[in-house]
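Asker: This is the structure I want to talk about, given as structure tokens.
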Amino acid sequence: MTALRPALRPARRNWRVRLRRDRSLVLMALPAVLLLLVFNYVPLFGLVTAFQEYDPLSGVSGSAWVGLHQFERLFGDPLFWSAVRNTLYLSFVQLVLFFPVPVALALLLNSVLSDRIRNFIQSVVYLPHFFSWVLAITIFQQMLGGAGVLNQFLRSHDIGTWDVMTNPDTFALLVTSQVIWKEAGWGIIVFLAALAAINTDLYEAAAADGAGRWRRLWHITLPGLRGVIVLMLVLRLGNALTVGFEQFLIQRYAVGHDTADVLDTFAFYYGIATNDYSYGAAAGLFKSIISLLLIWGANKLAHAFGEDGLYRA
Amino acid sequence: MGIELNRRSFLNAAATAAALAAAGPLLSACGGGGAQRAGVNSESGLRAALPAHVPLSSIKPDIASIAGGPDALTDPGFLTYPANRVATVPGVPGKGGRYSAVVPLWGTIPPADNAFYQAMDKALGIRLEMKPADGNTYNTIVSTMTAAKRLPDWITLPSWWNPNFNTGGLAGSQLADLTPFLSGDNVKKYPNLAAIPTAAWRAGAWGDKIYGIPSFSSGFAITGTTFYRRDVLEARGITADQVKSADDLMNLGKELTDAKAGVWAFDDLYTYLYTSFGAPLKWKVDNGKLVHLFQTDEWFEALDWLHRLATAGYVHPDALAGDQAGTTRFYAGKVLIAGGGTGAWNLADHQNGVAANPAYRRGAFDFFTADGKGTPRVDMGPATSIVSYLNANLKPEQVEELLAVANYLAAPFGSAEYTMVNFGVEGTHFTTEGGVPAPTEAGRKEVQAQTYPFLASPAQVISNQTAPNVTKDLAAWQAANVKALAKPVFWGMNVSMPQAQATAEAAQAVMDTVKDCYHGKKKVQDVKDAVATWKGSGGGDRLIAWMDENVLQKHGTGQ
């Protein structure tokens, strides 16, 4: 420690020098930092309403302080726990069924040699990402719904109908396939970038040594992707309590509220929609705290695997 | 849901989630002082304050209004637009004051300070700065203004906010008391306001005083009814009078549903049908005891019937999937019977329907009792749901000036003033074609998105100038059903509740289960369970006790 002390003084003097040098970068970042402060950090003070019986007419300062009452209500509410269960279950199903898809798709696309075909496929699978959920679900409803193309076909041939859109038991599979259809193409971008970064000499050398396609995939491609995959996994785990909002909002009445409610829709329907703002704030705060713990834990896990993860403390 | 792309967007997402949880409250954090939740009206107290009713006789409708029970009457019908546009306001009402007004608008906001606003300012004799705001987010806009105690001089507050928004708390503190200007014979100074039926003034009355000016009032105020495709059913030889009970309706479901052809008999019916089983709209008093809808057997009967309707396969699958595009299905003939608000029956509906099918004709079943016995009864809603208020900071002479302006805006259908407010300047905003005012491009942009009528307007009339048959159909249906209209308990009493009671009143968990039940996904027993939870931890019992103590015992039923 003592050895470092002499180095501190020049560093301090350097502060001005560095500011002068990076002036334009700092200026460029400033608006974004300000936006973050004004719209993301300042509103954090509103979290105080989670400990109040908040009344919009009285404002924060005029509302009654109720301590942990909202949390007591929350933890005693079976609907809240069912929303937590749904969130975790959907998150798990999506992790298992959705997460590998973009990786596989990226590998597949990477093996296509023709640029034109590759660009074409890429555009087609990207496209649904830019559709809104309303549109995506309408397409599903028009195709697979009770009066949709599939069931009208089955009906006209006197085959029993297939209830896809309103079956609560298979809802997790339905939403996951919707996510795959809409987001898998978009998800491959980052993996394609990582694939492009792998040195092609390695493949040539391995091929010259007689390694087949699978061995090259196993020993070169996948290790090359490992860092990105772990990073994505950390982010996914940290966001485990965020499984989407509009998708569930729209399909809520199709399968029933106790199947479709996730934490975000719970906070919306039982907080904002009924003017019970404090209750919604409590649910939101609970989610934020658990998410923070998850991201911290997942990052530790990544370090244990020898990867950088999200950040190094 | 998908994979977050990079660290920045993750951090953003996490921070946004936290912000979302907190943003709403903070916006109004600058307010202060405990808001008093108050306002319930008592029958005897309010009667002394209500303005006198002096009907106008200058413009005669083609189809006269018919009275039903107390405060229930049909809207008068006009088959053409009156050719002689009588002036009802002599001179210019204003004295040159400057004011601001905020109104909700469901549509495209007209350009600020446009030619129509300028023409209106000239006609009204004041400088009224109109600030229409998006109707869909109107509540968030207004609560920031009330929290900062910076309301405009004149503002519209929809009455469907009443239980949750606490308009009653604003009355007197931020909204001006109009009782001295309007009560009893005082209103006769403003003849067009005096022509608004008395029942409508109740919607803007708080604590037995008059605060609000009602717009779009109607003596036929019901939440909605059960509509059917008259063209399709009549072609099959089915007429409305054949439906006299819930069983008749169920049989019609079997007869009309042809899933192979993509046609189902019904869209959602619940909202406008459950009362025909004898359930109250929300409250009833049984032998002096206050009873909530959720405590009535009739309501569960209705749910059981609706559940059977859905599971029998007579309801369109998209409706069961919660898809809201019922009107489109109705136009396309994919559903033939659907519940809906009575406002749906108008010229635009006729135009849209005819565009889909030239034979299109909307009809509504007469009200019936589910078992087909006894006389049907429908609970009336408040006579208006749009009420405007003046700022408490205005001086008495300013209030008088704005009331004179309101008198201009409330001029009867077909008068010179009504034509100005609703169609603008002839030549600029509309031309007269075959006796009917037709908006020009400028008129569509500046006038047709209604703004001034949200501050004050005459009682509703039925008028679909280019489709007189729609007017005749609707007027005939109203005339046949006006006898069924009756006042529910707490009618027009304007109850504002404490937050906990308002949350219990919304009963989100029960209503969610109800929706699942009439969509065929949950059983009636599930609703019973949800109600049991609601009564306990959901605050239902406390709500009923609160209503009993603070409203029923203190102010009576209001009937």
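Asker: Being farther than 21 Å from B:PRO191 by Cβ, touching a residue at least 12 places away in the same chain (Cβ under 8 Å) and in a helix (DSSP H, G or I): is that true of B:GLY381 here?
Answerer: Answer is no for this residue.
Asker: Would you say B:LYS149 is basic (Lys, Arg) and either part of a helix (DSSP H, G or I) or buried (at least 21 other Cβ atoms within 10 Å of the Cβ) (or both)?
Answerer: Criteria not met by B:LYS149.
Asker: With respect to B:VAL495, is the statement that it is surrounded by 21 or more Cβ atoms within 10 Å (Cβ to Cβ), under 27 Å from the mean Cα position of the chain (by Cα) and assigned to a loop (DSSP other than H, G, I, E, B) true? Even if it seems obvious, please write down each step before you answer.
Answerer: Details: surrounded by 21 or more Cβ atoms within 10 Å (Cβ to Cβ): yes; under 27 Å from the mean Cα position of the chain (by Cα): yes; assigned to a loop (DSSP other than H, G, I, E, B): yes.
The answer is yes for B:VAL495.
Asker: Is it fair to say B:ALA359 is assigned by TED's automatic domain parsing to the domain that holds B:TYR274, over 30 Å from B:GLY212 (Cβ atoms) and in a loop (DSSP other than H, G, I, E, B)?
Answerer: For B:ALA359, the condition - assigned by TED's automatic domain parsing to the domain that holds B:TYR274, over 30 Å from B:GLY212 (Cβ atoms) and in a loop (DSSP other than H, G, I, E, B) - is met.
Asker: Filter the range B:331-361 for residues that are under 19 Å from B:ILE222 (Cβ atoms) and hydrophobic (A, V, I, L, M, F, W, C) and give the result.
Answerer: First, pick out the residues of the range B:331-361 that are under 19 Å from B:ILE222 (Cβ atoms): B:337-346, B:349.
If the condition is that a residue be under 19 Å from B:ILE222 (Cβ atoms) and hydrophobic (A, V, I, L, M, F, W, C), then B:ILE337, B:ALA338, B:ALA344, B:TRP345 are the ones that fit.
Asker: Follow-up. Please verify whether the range A:247-255 includes one or more residues that are of a type in the set (Gly, Ala, Ser), out of contact with any Pro (no Cβ under 7 Å at 6 or more places or on another chain) and at the interface with chain B (Cβ under 8 Å from one of its Cβ atoms).
Answerer: First pass over the range A:247-255, keeping only residues of a type in the set (Gly, Ala, Ser): A:254.
From the residues that got through so far, the ones that are out of contact with any Pro (no Cβ under 7 Å at 6 or more places or on another chain) too are A:254.
Subset that is at the interface with chain B (Cβ under 8 Å from one of its Cβ atoms): A:254.
For the range A:247-255, residues of a type in the set (Gly, Ala, Ser), out of contact with any Pro (no Cβ under 7 Å at 6 or more places or on another chain) and at the interface with chain B (Cβ under 8 Å from one of its Cβ atoms): present.
Asker: What single numbered condition from (1) within 7 Å of another protein chain (Cβ to nearest Cβ); (2) in contact with a strand residue (DSSP E or B) (Cβ under 8 Å, 6 or more places away or on another chain) fails to hold for A:SER278?
Answerer: Failed condition: (1).
Residue-by-condition table, conditions (1) part of a loop (DSSP other than H, G, I, E, B); (2) over 28 Å from A:LEU135 (Cα atoms); (3) within 14 Å of chain B (Cβ to nearest Cβ); (4) more than 20 Å from the chain's Cα centre (by Cα):
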site	(1), (2), (3), (4)
A:GLY210	yes, yes, no, yes
A:ARG215	no, yes, no, yes
A:LEU222	no, yes, no, yes
A:LEU233	no, yes, yes, no
A:ALA240	yes, no, yes, no
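Asker: Give me the residue from the range A:65-91 that is among the hydroxyl-bearing types (Ser, Thr, Tyr) and within 12 Å of chain B (Cβ to nearest Cβ) and, out of that set, surrounded by the most Cβ atoms within 10 Å (Cβ to Cβ).
Answerer: Looking at the filtered set, the residue picked out is A:THR87.
Condition check ((1) within 24 Å of B:ASN139 (Cβ to Cβ); (2) among the acidic types (Asp, Glu); (3) out of contact with any Leu (no Cβ under 8 Å at 6 or more places or on another chain)) across all residues:
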{"position": "A:LEU35", "(1), (2), (3)": "no, no, yes"}
{"position": "A:PHE39", "(1), (2), (3)": "yes, no, yes"}
{"position": "A:PRO43", "(1), (2), (3)": "yes, no, no"}
{"position": "A:SER61", "(1), (2), (3)": "yes, no, yes"}
{"position": "A:ALA64", "(1), (2), (3)": "yes, no, yes"}
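Asker: Looking at B:GLY107, B:GLY34, can you tell me which residue is at pLDDT below 90, assigned to a loop (DSSP other than H, G, I, E, B) and under 27 Å from B:ILE126 (Cβ atoms)? Before you say what the answer is, go through the steps one by one.
Answerer: On the way: B:GLY34 fails: under 27 Å from B:ILE126 (Cβ atoms).
Of the residues listed, the single one that is at pLDDT below 90, assigned to a loop (DSSP other than H, G, I, E, B) and under 27 Å from B:ILE126 (Cβ atoms) is B:GLY107.
Asker: OK, next. Would you check if A:SER123 is over 24 Å from the mean Cα position of the chain (by Cα) and hydroxyl-bearing (Ser, Thr, Tyr)?
Answerer: Here the answer is no, as A:SER123 does not meet what is asked.
Asker: Out of the residues in the range A:164-173 that are more than 9 Å from chain B (Cβ to nearest Cβ) and touching a residue at least 40 places away in the same chain (Cβ under 8 Å), state the one that is farthest from A:GLY244 (Cα to Cα).
Answerer: Step by step, filter the range A:164-173, then rank; the result is A:ASN167.
Asker: Something else: Tally up the residues in the range A:137-163 that are more than 15 Å from B:VAL263 (Cα to Cα), free of Cβ contacts under 8 Å to residues at least 24 places away in the same chain and touching a helix residue (DSSP H, G or I) at 6+ places or on another chain (Cβ under 6 Å), please.
Answerer: Adding up the residues that qualify gives 4.
Asker: Can I ask one more? Taking the range A:32-62 as the search range and keeping residues that are within 7 Å of chain B (Cβ to nearest Cβ), touching a residue at least 60 places away in the same chain (Cβ under 8 Å) and part of a helix (DSSP H, G or I), which one is surrounded by the fewest Cβ atoms within 10 Å (Cβ to Cβ)?
Answerer: The qualifying residue surrounded by the fewest Cβ atoms within 10 Å (Cβ to Cβ) is A:LEU47.
Asker: Which of (1) over 27 Å from B:ARG47 (Cβ atoms); (2) buried (at least 21 other Cβ atoms within 10 Å of the Cβ) does B:ALA456 not meet, given it meets every other one?
Answerer: Only one criterion is unmet by B:ALA456, namely (1).
Asker: I'm told A:ALA29 meets every condition in (1) surrounded by 10 or more Cβ atoms within 10 Å (Cβ to Cβ); (2) at pLDDT below 90; (3) part of a helix (DSSP H, G or I) except one. Can you identify the failing condition by its number?
Answerer: The number of the failed condition is (2).
Asker: Applying the selection to the range B:219-264, what residues are of a type in the set (Lys, Arg) and surrounded by fewer than 20 Cβ atoms within 10 Å (Cβ to Cβ)? I'd like the intermediate steps shown before the answer.
Answerer: Going residue by residue through the range B:219-264, those that are of a type in the set (Lys, Arg) are B:229-230, B:236, B:244, B:254, B:260.
Correct list: B:ARG230, B:ARG236, B:LYS244, B:LYS254, B:LYS260.
Asker: Could you please find all residues in the range B:517-559 being over 28 Å from the mean Cα position of the chain (by Cα), surrounded by 17 or more Cβ atoms within 10 Å (Cβ to Cβ) and not in a helix (DSSP H, G or I)?
Answerer: B:GLY520, B:LYS521, B:LYS522, listed by residue number.
Asker: Do the conditions hold for B:VAL92, that is, is it farther than 27 Å from B:ASN346 by Cα, touching a residue at least 24 places away in the same chain (Cβ under 8 Å) and β-branched (Val, Ile, Thr)?
Answerer: It is true that B:VAL92 is farther than 27 Å from B:ASN346 by Cα, touching a residue at least 24 places away in the same chain (Cβ under 8 Å) and β-branched (Val, Ile, Thr).
Asker: Now for a separate question. Quick check: is even one residue across the range B:260-267 under 23 Å from the mean Cα position of the chain (by Cα) and touching a residue at least 60 places away in the same chain (Cβ under 8 Å)?
Answerer: Yes.
Residue-by-condition table, conditions (1) assigned by TED's automatic domain parsing to the domain that holds B:ALA325; (2) outside any helix (DSSP H, G or I); (3) more than 16 Å from B:HIS519 (Cβ to Cβ):
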position	(1), (2), (3)
B:LEU249	yes, no, yes
B:ASP268	yes, yes, no
B:ALA279	yes, yes, yes
B:LYS284	yes, yes, yes
B:LEU290	yes, yes, yes
B:PHE294	yes, no, yes
B:TRP305	yes, no, no
B:ARG308	yes, no, no
B:GLY313	yes, yes, no
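The values are calculated or read from the model by the stated rules, or taken from the named source; none is laboratory data. As the structure is a prediction and not an experimental result, all values here were calculated from the model. Note: ideal-geometry Cβ built from the backbone for every residue, glycine included; neighbour counts use all protein chains shown.
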